[in-house]
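Novice: One structure follows; several queries about it will come next.
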Amino acid sequence: MHKKILLENAKISISFGKLKYFFALPIVEIKSMDKRRCKDSFIVVNEKGLHTRPSTELVKCATSFKAQVTLRYQNCTVNAKSLLGILMLAATRGAKIAVEAEGEDAEQAVKSIIQLARNKFNIKY
């Protein structure tokens, strides 16, 4: 949802003793965008946890969306679009990972990551 505020014919006057200055302001348009947020979580079912290959698949998925996507495990929150960040989680099998996205396609981003996790990050051993 977009909101617009339009200021027209606004004038500012500044006085310095007997001198007065008048400034006409140009038309200003301010847009405020309501950001969408979505949260969910998944449990790592891969035998070896979130090692490099599944983490790479997760990064590919997250970067396909405009939304900011974060992952949280224990006390660590990382950008889901960062391979090193995901590897820093050191998430093993059974780890519960919280996914949060903010942006216009947040809901679709979270759903896609959850589906990817259910499919074992498309990794076949």
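Novice: Where does region 37-122 land on Rg(C-alpha)/(2.2 N^0.38 Å)?
Specialist: Rg over 2.2 N^0.38 Å, computed on Cα atoms: 0.93.
Novice: Next question. Mind giving me the FRET efficiency for residue 87 and residue 37? R0 is 30 Å, r the Cβ-Cβ distance, nearest 0.05 is fine.
Specialist: Once the sixth-power term is evaluated, E becomes 0.75.
All of the numbers you see were taken from the coordinates with simple rules; none came from a lab. It should be emphasised that the depicted structure is a prediction, and the values quoted were computed from it without experimental measurement. Note that each Cβ is placed from the backbone with ideal geometry, even for glycine, and that neighbours are counted across all protein chains shown.
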